[in-house]
Amino acid sequence: MPFNTLFSWWIGRRMDRINDYRENALENQERTLSFLLLEGAQTVFGKKHALGNISNYKEFKKQVPLNDYGTLKPYIDRAIEGETDLLWPGATKWFAKSSGTTADRIKILPVTESSLLENHYAGGKDLLAQYYHNYADRKLYNAKHLIVGGSGKIEQHSHGVFIGDLSAIIINNLPIWTELRRTPKKEIALLENWEEKLDRMAESILDQNICIIAGMPSWTLLLLEKVIQKSKKQRIAEVWPNLELYIHGGMSLDPYKKAFETIIGNPQMHYVENYNASEGYFGLQDQKDAKDLLLLSNSEVFFEFIPMHAYEGLNSKEVVSLEKVELYTDYAMVITTSAGLWRYIIGDTIKFTQTNPYRFVVSGRTSHYINAFGEKLIIEHADIAISKTCQVHHAQIREYTVAPQFYNNKFIGAHHWLIEFEKNPKNLNEFLKTLDEQLKLVNADYEAKRKGNLNIAFPLLTVVEQGTFHRWLKKKGKLGGQHKIPRLLNDDKILKEIMACR
């Protein structure tokens, strides 16, 4: 039997699992909570919070406090030093570095064997199974899968503990059948110097038969541009004629979509989103023609949600389980996982678009929004507005960030947009007018505050040369596939830092 036919049959068997996500989400969550409580009961954390005495969600919510990285860090630090049974049974050998877009502090998050196998790897296999189901007669196993990961440096500590980017941990532990298909070679994929890695990666994959690319949009575009330069071709489709699938996550594809379509040059290309963070794999795009993500309700993650209108961080009083969520409400997501993260506020916000089955979109970050003038602008609004504005003016952007500009001796201020274009619009003033109108369409609070220029004045725009945002990331020591540009800020400190890199 040909390898691709065998792989298609094998991966297709996972559709029962994916259908279970759709059909039994609430029952799955109830079972998941019971499993996590049972496993966690004998840990140091579990004994402190008497997890063994908890029999339902109401007791769980009452007995276990909300946590963030700061509250769990003492347990994580001890686990790194080799202590066992702290947050999850046994020894934790892998820890994933995860840096926020604005914070300089690096978070080091536990990755247990259970979470790696039953969540991260399982989610990736689920996505491929759904893709094979949606598009018949795929031949993905006969070609290479290009993984654009983050920094590959793995730090080995005492007690057999390893610390590195999640992508490096995943690559280091891939099963043989996946490793045979993955490219580039480990010696390149795990390079620490990101600029050297991009260059060597592009050189090494020119003559390969690549059918899948996975990575964050901003860094993947940089790699594709290098491939075009080195191959001296016009489009990626000329380099890799069998390329058919781009798996993306970590940030919205919308601002980059036109650039991808242009550089790839294949109208039959499929773009599939997932929600895979250092903390866990939480959702995947299961429909052909809709971007909503299916919540993975049976993947060793128990979900809770804090309505953003009631969000007060660790002091939040209004927290609900999946059963109580409402449509089109922005929620801060709280997770309890087999990695030992207990009622952990991950920092992302999501919005449910369906509850039968449970599908959602990632709408932003709890810390990344602009509310300097009462406008409550979130990343989702900004991405939609900038994407539609680029469509109207036939422009393409490479990166952007926005911060409030406060005027001296006046009560009025404005949003200051800092944009690095891939393709400039013909008229920047008209571009800015359209952007302002699109923001009004997606955000009623922004529209109200813009009336008569009473609260928010017409937006400001600064265009920076290509490479400016890249230079800022390099200066901050944040080059690499997992690092993202902060989109929305409530002060202009970072915006000024980026402008200084022009």
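Just to confirm my numbers, what's the Cα centroid distance between region 266-292 and region 58-82 in Å?
Their Cα centres are 30 Å away from one another.
Ranking 378, 419 by Cβ neighbours within 10 Å, fewest first, what do you get?
378, 419
Around residue 272, under 11 Å between beta carbons, what's the net of Lys plus Arg minus Asp minus Glu among the other residues?
-1
Would you mind ranking 383, 68, 20 so that the residue whose beta carbon has the fewest other beta carbons within 10 Å leads the list?
With the fewest neighbours first, 383, 68, 20 line up as 20, 68, 383.
Roughly how big is region 136-277's charge dipole about its Cα centre, with Cβ charges of +1 (Lys, Arg) and -1 (Asp, Glu), in debye to the nearest 20? Write out the running numbers ahead of the final one.
On the way: 17 positive and 17 negative charges, 71 e Å.
Using only the charged Cβ atoms, the result is roughly 340 debye.
On full extension of the chain, what length is gained from residue 326 through residue 465, given 0.36 nm per residue of separation minus the C-alpha to C-alpha distance? Mind dumping the intermediate values first?
Values: separation 139, 0.36 × 139 = 50.04 nm, distance 4.30 nm.
Contour length minus the Cα-Cα distance gives 45.7 nm.
At a Förster distance of 51 Å, what's the computed FRET efficiency of residue 268 paired with residue 56, Cβ-Cβ distance as r, to 0.05?
Values: r = 49 Å, r/R0 = 0.97.
Efficiency for this residue pair is about 0.55.
Around residue 366, with a cut-off of 11 angstrom between Cβ atoms, what is the net charge of the other residues, counting Lys and Arg +1 and Asp and Glu -1?
Working: positive: 365; negative: 68, 312, 330, 348.
Net charge around residue 366: -3.
For a paramagnetic label modelled at 7 Å from the Cα of residue 42 toward its Cβ, which residues of region 299-313 fall within the zone defined by backbone nitrogen distances under 16 Å?
none
Could you sort 348-354, 318-324, 91-97 so that the peptide with the highest average Cβ count within 10 Å comes first and the rest follow in order?
Working: 348-354: 19.9, 318-324: 15.4, 91-97: 22.1.
Taking the mean over residues of other Cβ atoms within 10 Å, the ranking is 91-97, 348-354, 318-324.
So for 257, 474, fewest C-beta neighbours within 10 Å to most, what's the order? Mind dumping the intermediate values first?
Numbers: 257 17, 474 14.
Fewest-to-most Cβ neighbours within 10 Å comes out as 474, 257.
Compute the signed sum of charges (Lys and Arg +1, Asp and Glu -1) over the other residues within less than 15 Å, Cβ to Cβ, of residue 338. Mind showing how you got there, number by number?
Values: positive: 31, 93, 343; negative: 39, 85, 113, 118, 279, 300.
Once all neighbours under 15 Å are counted, the net charge is -3.
So how far, in whole Å, is the C-alpha centre of region 435-472 from the one of region 328-376?
23
Can you bin region 136-277 into rounded, prolate or oblate? Criterion: square roots of the alpha carbon gyration tensor eigenvalues sorted a ≥ b ≥ c, rounded for a/c under 1.5, prolate for a/b above b/c, oblate for the rest.
On the way: a/c = 1.64, a/b = 1.58, b/c = 1.04.
Judged from the Cα gyration tensor, region 136-277 comes out prolate (a/c at least 1.5, a/b above b/c).
Order of 280-287, 223-230, 58-65 by packing, highest average Cβ count within 10 Å first?
On the way: 280-287: 23.5, 223-230: 17.8, 58-65: 14.5.
With the highest mean Cβ count within 10 Å placed first, the list reads 280-287, 223-230, 58-65.
Return the calculated 222 nm mean residue ellipticity for the chain, to the nearest 500 deg cm²/dmol, obtained by summing -39500 (n - 2.57) across DSSP H runs with n ≥ 4 and dividing by the residue count. Write out the running numbers ahead of the final one.
Details: 19 runs with 178 residues, N = 502.
Counting only the DSSP helices, I get -10000 deg cm²/dmol.
Taken together, the values in this text are just the output of simple stated rules run on the coordinates, not laboratory data. Only a predicted model underlies this, so the values are computations on that prediction, with no experimental measurement involved. Reconstructed Cβ throughout: ideal geometry from the backbone, glycine too, with neighbour counts over all protein chains shown.
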